[in-house]
1. Which FRET efficiency value, to the nearest 0.05, do you get for Thr163 and Gln369 by plugging their Cβ-Cβ distance into 1/(1 + (r/R0)^6) with R0 = 30 Å?
2. Given a Förster radius of 35 Å and the C-beta distance between Asp428 and Asp154 as r, what FRET efficiency does 1/(1 + (r/R0)^6) yield to the nearest 0.05?
3. Determine the alpha carbon to alpha carbon distance for each of Lys272/Lys427; Lys5/Lys43; Lys213/Lys258; Lys305/Lys461; Lys429/Lys461; Lys44/Lys258 and list only those over 28 Å.
4. Can you tell me the accessible area per residue over the chain, all protein chains present, probe 1.4 angstrom, in square angstrom?
5. So, with +1 on the Cβ of K and R and -1 on the Cβ of D and E, and no other charges, what is the size of the charge dipole of the chain about its Cα centre, to the nearest 20 debye?
6. For the range 1-90, run through the GluC sites (Glu not before Pro) and keep only the ones in DSSP coil with at most 13 other Cβ atoms within 10 Å of their Cβ.
7. What distance in nm separates the two pseudo spin-label positions at Asp251 and Arg52, each 7 Å out from Cα along the beta-carbon direction?
8. Once Lys and Arg get +1 and Asp and Glu get -1 on their Cβ, which of Gln86, Gly361, Met332 lies farthest toward the positive end of the dipole of the chain?
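The values are calculated or read from the model by the stated rules, or taken from the named source; none is laboratory data. Keep in mind that what you see is a predicted model, and the values were worked out from it rather than measured. As a convention, Cβ positions derive from the backbone with ideal geometry for all residues, glycine included, and neighbour counts pool all protein chains shown. The accessibility values were calculated without ligands, DNA or RNA, using every heavy atom of the protein model including side chains. Shrake-Rupley method; radii C 1.70, N 1.55, O 1.52, S 1.80 Å.
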Amino acid sequence: QVPLKPGRSLMDWIRLTKSGKDLTGLKGRLIEVTEDELAKHNKKEDCWICIRGFVYNVTPYMEYHPGGEDELMKAAGTDGTDLFDQVHRWVNYESMLKECLVGRMAVKPIAAPKDEGCCIYLVFLQQITEDETILCIKTFRNNVLLHFFCFYYDWFQTDTLITIVIYTKQKDMNAELVIVDCQDQRLRGEIIMDDHSYLVEVGRYCNFAVKIKVAEKVGKVEIILKKKDNIHWEMLGQPLESHNTFIKCTDRGLFYRKCKLVSKTEVTHDTKLFCLMLPKSTHLCVPTGQHVYLKQVIAGTEVIKPYTPVLPSLPLDFKEPSHHDGAHIYLMIKIYSCGLFTQALDCLQIGDYISVSNPEGNFKKVQVQTSEDLFLLAAGTGFTPMVKLLNFALSEVSCLRAVKLIFFNKTEDDILWRNQLEQLALKDKRFEVQFILSQPTKDWVGKQGKISSSLLSEFVKRSRKDSKVLICICGPTPFTEQGVQ
C-alpha cells in the first residue's frame, strides 16, 4: 500500500461514486470495446482496464487506489484479469467500480491452440444410474497424462439421516479439504483438490446438523445430515447450476456464509480478538497458512478484506484448547482510527452477523514438514498467520530442531501475546522469540531498529551447516519486500 492524499480514502471514493458525477466520460452510455480501442486508453490521464470481459475507466480511481497509480498502470489498456487475480482477487471490483463501467469487450473468435506442449483437459461423464454420473478429468501435456481426477457421489438414507458419499480417488484427503454449507434452501458440499474444487450443490429446504467423515486412504468423504422430518426422500434435491462440476477455484469464486459475533476482547491498545460462530450446519476448517475474507456493506458498497484466523490462545501443551471445536473462527484485528472497514468491525455488537468466505491461500504444510530450521519474520498483525504455524510446527513436526520468531513492532505496547510467546519459549527449548522495536522508550533493553540485512544476519542462523531452512514473512508491504530482499 502507498500513502494516499487527504480526501482520497475509501469513504471518499464511495461518496464520489454516489455523487452522480460522470466517471466514465460516456454520459451513461455503455459501449462494446475492441482490443484496439482498449489499447488506446493506456495513460494515467486516460486509463481503461478490462477485468473478466468488462471494461472500466479507472482514471478517476487512480488517486484512491491503495496500491498506488503504478500498480493500476501495469494493466492500462489491456486485460488485467490475471494481474488482478494475482494481487487481490477478493476485491469486489464490480461494486467498487460500477460507476466506472464503460462496457463489454467485443467477442472475437478463439483459434485452436497449435502448441503441442499446451495443457489439454479431457472431461467425460459416465452415467451410472438415472440420477448419478462419474465425472472424470484427464490432464495431458505433450500427449503425456499428468493428472487423473475421478469424482462420483451417491446417497442413501435411514429414517433420520441422509448420507452423501463422495468418492474422490485421492489418497491424501482430509477434513480440512471439505467445506459444507446448508443455507438459503440449498446444500453445498465442496472438495478442494490443490487449485481445483469439486462441488455437489442441490436446492432443497434443509435444516440439518452436519457431520463429516473422511476415509483418507481411499479418498472417500461422507456428509451426514439429520433429517428435519422422518420422511422418505425420493431425491436428494434439485441440481443447481454448478452441481457435479470440477473447475479451478479461481473460476468458482468465493462463497460466503453469515457468522455471528460472540465475543470481542482486547489484546493490545488497538488490537482486538474477534470470535465468530459458524452456522450450525456449516463444516469449515481453515488450514494453516490460509486466510478468509470478511465482507461488509458500508454506505451501500460491498467492502471486502482478508484476515488470517488464529487460535484463541497459544497452547503451551501443543494441543488446541477444548473450546476450539471447529465451530468458531478467531480473528486478531487491528482497529485503525481512520480505517473505514476496521471501524465498522469495531462497531459490531455481540450477536451481530458478518459474512465470512471460504479459505484461500497456497501455503503447503509439507514445506514445514521437510524443514529443520523454521524462521518466522512478522511485523505487527503480520503475526497472525504465525499463530497456527507455530502450533503446527511445535506439535506435529518432529524433524524441526529450531523454530524462531523475529517479531517487529513500534513499541512494547504493540507486541501481541507477548506473555504467551515468552511462556512458550520457556516451555519448548526448540522455540525462541526475539522482539525488535522501531520506536522504543528509553527503558527498552532489547533490540531496536527496522528489518535489515544486519539484523537478520544476527538472528537468522542455521542450527547446523547443512540444515534445510524455511523462512516465512508477513507484515506491511514495505516490510515484506525488504525482508525478501
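1. 0.35
2. Here the calculated transfer efficiency is 0.15.
3. Lys305/Lys461; Lys44/Lys258
4. Here the residues of the chain average 53 Å² of exposed surface.
5. Here the size comes out at about 800 debye.
6. Answer by residue number: Glu45.
7. Taking the two extended label points, one gets 1.4 nm.
8. Selected residue: Met332.
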